[in-house]
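Encoded as structure tokens, the structure appears first; notes follow it.
The values are calculated or read from the model by the stated rules, or taken from the named source; none is laboratory data. None of the values given here were measured: they were computed from a predicted structure. Cβ placement follows ideal geometry from the backbone for every residue including glycine, while neighbour counts extend to all protein chains displayed. To get the accessible areas, we keep the full protein, side chains included, count just its heavy atoms, and leave off ligands, DNA and RNA. Shrake-Rupley method; radii C 1.70, N 1.55, O 1.52, S 1.80 Å.
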Amino acid sequence: MLNYKFSRLFGRTQQGIRKRLLVHCHPQKQQQYELLNPLSSSMKSRTLSSFSKRTPPISSSAAAASSSAGPTVPSKQGLTKTPTSASASASAQPEQLSYYEDWMVNLRGEHWLNGTRPDTWFTGKHPSKCPGLMPDGTFTSLPMPRLDRVTRSATQDYFDNTWTFYEMLFAGLNSEEYFYRPPPHGLRHPQIFYYGHTPCLYINKLLVSGVLKEGVNPYFESIYETGVDEMLWDDMHKNDMIWPTVAETHEYRQQVYQVVTDVIQTHLSDDTPQKVTWDDPMWALFMGFEHDRIHFETSSVLFREAPLELVQKPKGWPQHAALTADPTHYPERGQEYPESNPMLPVKGGDVQLGKPRKFPSYGWDNEYGTRTVKTPNFHASKYMITNGEFLEFVKDGGYRTERFWSEDGWGWRKFRNAKEPFFWKWDGPQGSFRFKLRTIFEEVPMPWDAPVCVNHHEAKAYCAWKSEIDSESYRLPTETEWNLMKNKSISLEEARKNPEADPILTKSGSDFATEQIGNLNMAYGAETPVTMFPPSDTGHCDVMGNVWEHCEDNFNPLEGGLVSFIGGEHMCNYEIHPVYDDFSLPCYDGRHDMILGGSFISTGDEASTFARFHFRRHFLQHSGFRLVTSNDDIPATFLNEDYQNDDSECE
């Protein structure tokens, strides 16, 4: 029982539990640990005292007792306790709640998080002084740095752009509540973890690579180290913990920002540009940038899932595209969304996947190596499936008809009681089919000609429904088919010859918009109409950008490198990076499927023509799909042979 209680307080890893038990049970070890971690003493006393109050609702007297010195707020001098009068203290106390959930023990009256953030929120550069600020006051993402000519100033600019954009996103949380409230599905950590996770990774990876000799806060670098993978759609046990306050984590971010800046200033030069490769210890620095940008996107999805009253649009956030038709709850083909979505032919061929090791940008391990796949001719829909097209599936009972769903997909649908895409919000009684669209920070009139955002299960169910309607056999594209739909000018083949063929190395988000390249790299703050950007050479729109594209392939490694084993059987060759040896490997399990092309909020390596990303089938991302038909075998990689027919891996 003691072990169980401490696992709920401090996390479930046995190493973490043992360390906390050791500290708690042995005073000498406790003093030793507190010398290493100045925050541990106050945090431990707070968590242990809070644990005794977990059962009853939060009371005003308890709140007053725990914050009698006033709320903790960040300042330029660090964390301070602001003195409060009796009346002010009373007004700052939380309301008596009619119910109580375990996570609420983390609500400690951080009222400085209510409303618009003060300038001191930004622990690096303020957006008004940061690279990426546009003349209209909005913020955009910079191009990805070239690693064959690394300079101090360019690296600092990219770091500042990365760091400030992340903090701008988190300025979109209105109050402390959603820092601690679990997401609606309960399958991810609360946002306080992700607020502390990205700075923690910089420190830990720079320590592993040898660039740093010591960390900043050992306790934070333990609890904020490891995230979670949504292994099952009903695994709800990830949020039972006492977390640090936002102010304490804010101070940690200030410290880490300075450490990373010092690394850039002392290890890089403007006078002599240098080359950073996979084997260079400084590779870990650029790993930190790209990891930061991954969580920039994944956290934005969690924001989009949050109750609307808990978010607010930050100043400077990129604008949405204008609606192409008047708002309506009753869209018609040819008016609010395209009249047709033709299946266009694509000539097949041999597609060589993989990014060369010498390519001058950062890459995740799964991008390297190579495989050549003979890909037959196929047809693919010109557009990704729009909200208007998907409404037809919803109205026709697609979410009520089991035969359209895989076994696991139907289990997910029933468990979640899904009746429409999660980001569609009712604007009338259920059954009226009146919907608005939830974006990251707002509810807006439904853009019926924008791509629908759904998970892999929903995409496959639509394919089955549409196949029955049209007497066809529709499916999702494969990785190689998707690559054949891209413009030749940005193809893998062309980029291997000329790095600047990968647009992310030369184009900012603003460039992607003004040069009509695509909705990528934060060109816009949400999805855009499928007709907004020119089609590719094959006639297909949004092959790169707007929303991620669900694919048939299981996430898989490319050949080349050290031997790897999957399920105890030799399946492929794969080289892992010693600084981050579990980035991809745990996900080569036949249960993660590929998504390609990036979304409007994909930046850095996520927006690269070489990017290969993945999620579980029930996981919701800014992701959609298009239809494919072919008379040949599917040119996809499956690590689970049962998947094509059964999809029952979650037993």
When segment 150-164 is checked residue by residue, the ones that are of a type in the set (Val, Ile, Thr) and either assigned to a helix (DSSP H, G or I) or under 16 Å from Gly509 (Cα atoms) (or both) are Thr155, Thr162, Thr164
Quick check on my filter: what residues within segment 413-427 are without any contact (Cβ under 8 Å) to a residue 60 or more places away in the chain, surrounded by 14 or more Cβ atoms within 10 Å (Cβ to Cβ) and in a loop (DSSP other than H, G, I, E, B)? Ala418, Lys419, Glu420, Pro421
How many of the residues in segment 619-639 are surrounded by fewer than 24 Cβ atoms within 10 Å (Cβ to Cβ) and either outside any loop (DSSP other than H, G, I, E, B) or over 13 Å from the mean Cα position of the chain (by Cα) (or both)? 11
In contact with a helix residue (DSSP H, G or I) (Cβ under 8 Å, 6 or more places away or on another chain), over 28 Å from Asp279 (Cα atoms), open to solvent by 10 Å² or more (accessible area, probe 1.4 Å) and in a loop (DSSP other than H, G, I, E, B): which single residue out of Pro218, Pro182 fits that description? Pro182
The one condition Leu353 fails out of (1) at pLDDT below 95; (2) among the aliphatic types (A, V, I, L, M); (3) farther than 30 Å from Asn631 by Cβ is (3)
Residues of segment 108-136 classified as within 25 Å of the chain's Cα centre (by Cα) and not in a helix (DSSP H, G or I), total: 14
Can you pull out every residue in segment 428-440 that is part of a loop (DSSP other than H, G, I, E, B) and among the aliphatic types (A, V, I, L, M)? Ile440
May I ask you to say which residue of Thr138, Thr116, Thr123 is within 26 Å of Met282 (Cβ to Cβ) and either in contact (Cβ under 8 Å) with a residue 40 or more places away in the chain or open to solvent by less than 50 Å² (accessible area, probe 1.4 Å) (or both)? Thr123
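Answer yes if at least one residue in segment 375-382 is touching a Cys at 6+ places or on another chain (Cβ under 7 Å), modelled with pLDDT of 95 or more and more than 21 Å from Asp593 (Cβ to Cβ), and no otherwise.
The answer is yes, given that some residue of segment 375-382 is touching a Cys at 6+ places or on another chain (Cβ under 7 Å), modelled with pLDDT of 95 or more and more than 21 Å from Asp593 (Cβ to Cβ).
Val276 - would you say it is more than 27 Å from Thr138 (Cα to Cα), hydrophobic (A, V, I, L, M, F, W, C) and open to solvent by 10 Å² or more (accessible area, probe 1.4 Å)?
Judged against the criteria, Val276 is not a match.
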So if I check each of Thr514, Thr531, Thr506, Thr480, which one is open to solvent by 30 Å² or more (accessible area, probe 1.4 Å), among the hydroxyl-bearing types (Ser, Thr, Tyr) and under 23 Å from Tyr368 (Cβ atoms)? Thr506
Scanning for something out of contact with any Ser or Thr (no Cβ under 7 Å at 6 or more places or on another chain), over 22 Å from Leu437 (Cβ atoms), of a type outside the set (Asp, Glu) and at pLDDT 95 or above, does segment 291-302 turn up at least one residue? yes
Yes/no for Leu232 being more than 24 Å from Leu113 (Cα to Cα) and either at pLDDT 95 or above or open to solvent by 30 Å² or more (accessible area, probe 1.4 Å) (or both): yes
Matching residues, segment 318-352, being under 29 Å from the mean Cα position of the chain (by Cα) and of a type outside the set (Gly, Ala, Ser): Pro318, Gln319, His320, Leu323, Thr324, Tyr337, Val351, Gln352
What do you reckon, is Ser564 open to solvent by 20 Å² or more (accessible area, probe 1.4 Å) and either part of a strand (DSSP E or B) or at pLDDT 95 or above (or both)? no
Enumeration of residues in segment 428-462 that are farther than 18 Å from Gln335 by Cβ, touching a residue at least 24 places away in the same chain (Cβ under 8 Å) and surrounded by fewer than 18 Cβ atoms within 10 Å (Cβ to Cβ): Gly428, Ser432, Glu442, Glu443, Val444
Go through segment 311-366 residue by residue and tally those that are outside any loop (DSSP other than H, G, I, E, B) and open to solvent by 80 Å² or more (accessible area, probe 1.4 Å). 3
Confirm whether Trp278 is modelled with pLDDT under 95 and within 24 Å of Tyr580 (Cβ to Cβ). yes
Against the conditions (1) basic (Lys, Arg); (2) modelled with pLDDT of 95 or more; (3) touching a helix residue (DSSP H, G or I) at 6+ places or on another chain (Cβ under 6 Å), where does Lys395 fall short? Just the number, please. (3)
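Just checking, does segment 166-175 include any residue being part of a helix (DSSP H, G or I) and more than 21 Å from the chain's Cα centre (by Cα)?
No, segment 166-175 has no match at all.
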